[in-house]
Amino acid sequence: MKNIIAFAGSNSKNSINKQLAVYTSSLINDVDVMILDLNDFELPIYGIDYENEVGIPENAQNFLSLIQSSDGIVLSLAEHNGSYATVFKNIFDWMSRIDKNVWADKPMLLMSTSPGGRGGATVLESAKSTFPHLGGNIVNSISVPSFHDNFKDGKISNEEINEKIIESVLNFKSKL
Ligand SMILES: Cc1cc2nc3c(=O)[nH]c(=O)nc-3n(C[C@H](O)[C@H](O)[C@H](O)COP(=O)(O)O)c2cc1C
């Protein structure tokens with residue numbers, strides 16, 4: 001059986017992006033899903049001096065190894081001031097110091113959501129343009145606007161958005 005990892009670019013305990021990644025990955029039939037949480041991979045803030053003096057912390061390698069040993073990735077990005085949440089940018093930067101091919105060419109279903117009407121579309125666009133240069137193989141991307149209006153009881157409640165997610169999941173599954 002194929003195994004995928006699903007996680008959010010957030011360290012919020014109540015992360016809406018994690019809720020979305022968990023829901024989306026639950027729609028993928030016949031795969032083993034490992035839900036990851038960036039809180040379990042604590043890292044110092046990236047800095048070249050730290051890297052030169054101390055080296056690359058183990059948690060960066062640990063997370064990278066999970067990417068490399070997976071068959072696919074479901075990632076939902078939080079948007080902070082139009083960009084990645086710090087915790088995500090940090091682990092991303094650390095991993096890129098080990099291997100530029102961070103995403104290891106694994107099929108990726110890339111998502112974002114926010115309470116606002118743009119659903120993190122800015123960070124999603126940024127990731128879409130950057131990830132392919134770092135081994136990203138984005139097979140679908142979806143932003144879910146107005147999370148709290150469109151997600152209820154652990155599920156997407158908006159039919160139209162749900163249909164889009166199901167379509168993307170099927171496409172993602174076919175690429176694993
Ligand atoms: C520092 C900060 C900046 C934010 N900037 C944005 C933003 O640019 N666009 C947006 O849609 N939401 C923004 N938000 C709201 C987040 O989308 C919201 O906190 C969301 O819950 C984050 O996702 P998470 O719950 O998965 O961490 C911001 C929140 C914080 C704390």
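Bear in mind these aren't lab numbers, they're just calculated from the coordinates by the rules spelled out. Here the structure is a predicted model, which is why all the values come from computation and not from measurement. Here the Cβ is made from the backbone with ideal geometry for all residues, glycine too, and neighbour counts use every protein chain on show.
May I ask what percent, to the nearest 5, of DSSP beta bridges between residues of segment 48-176 are antiparallel?
Antiparallel bridges make up about 25 percent of those DSSP assigns within segment 48-176.
Treating only the Cβ atoms of Lys and Arg (+1) and Asp and Glu (-1) as charged, compute the dipole magnitude of segment 95-176 about its Cα centre; round to the nearest 20 debye.
Here segment 95-176 has a charge dipole of around 340 debye.
Taking 0.36 nm per residue of separation and subtracting the Cα-Cα distance, what length does fully extending Asp32 through Asn137 add?
Here the segment from Asp32 to Asn137 would lengthen by 35.8 nm.
Label segment 6-119 by shape, choosing from rounded, prolate and oblate, from the square roots a ≥ b ≥ c of the eigenvalues of the Cα gyration tensor; if a/c is under 1.5 it is rounded, and otherwise prolate applies when a/b is larger than b/c, oblate when it is not.
Taking the square roots of the gyration eigenvalues as a ≥ b ≥ c, segment 6-119 is oblate.
Does segment 118-176 classify as rounded, prolate or oblate by the C-alpha gyration tensor (a ≥ b ≥ c root eigenvalues; a/c under 1.5 gives rounded; else a/b over b/c gives prolate, otherwise oblate)?
oblate
What's the local net charge at Asp30, with K and R +1, D and E -1, over the other residues with C-beta under 13 Å away?
0
How tilted is helix 16-26 with respect to the longest principal axis of the chain? Cα atoms for both, answer in degrees (0 to 90, nearest 10).
70
Is segment 1-65 rounded, prolate or oblate when judged by the Cα gyration tensor, a ≥ b ≥ c being the square roots of its eigenvalues, rounded requiring a/c under 1.5 and prolate requiring a/b larger than b/c?
Oblate shape, in that a/c is at least 1.5 and b/c is the bigger or equal ratio.
Excluding residues on the same chain fewer than 8 positions from Lys89, give the lysines whose Cα lies under 28 Å from its Cα.
Straight-distance partners of Lys89: Lys2, Lys13, Lys18, Lys100, Lys106, Lys128, Lys155, Lys164, Lys173, Lys175.
What does DSSP give for segment 1-84 in terms of the percent of beta bridges that are antiparallel, rounded to the nearest 5?
Here the antiparallel bridges make up roughly 15 percent for segment 1-84.
Hey, how many Å between the Cα centroid of segment 40-115 and the Cα centroid of segment 121-161?
17
List the residues of segment 111-127 whose backbone N lies under 17 Å from a point placed 7 Å from the Cα of Ser83 along the Cα-to-Cβ direction.
Counting backbone N atoms under 17 Å from the label point, the list is 120-127.
Given labels modelled 7 Å from the Cα in the Cβ direction, how far is it in nm from Tyr50 to Glu167?
Computed distance between label sites Tyr50 and Glu167 equals 4.2 nm.
Specify which residue in the list Ala121, Gly82, Asn3 is farthest towards the positive end of the charge dipole of the chain, using unit charges on the beta carbon of Lys, Arg (+1) and Asp, Glu (-1), about the Cα centre.
Of the options given, the answer is Ala121.
What distance in nm lies between label points placed 7 Å from Cα along the C-beta direction at Leu66 and Lys2?
2.0
Distance in nm between label sites at Glu125 and Ile98, each 7 Å beyond Cα in the beta-carbon direction?
According to this spin-label approximation, the distance is 3.2 nm.
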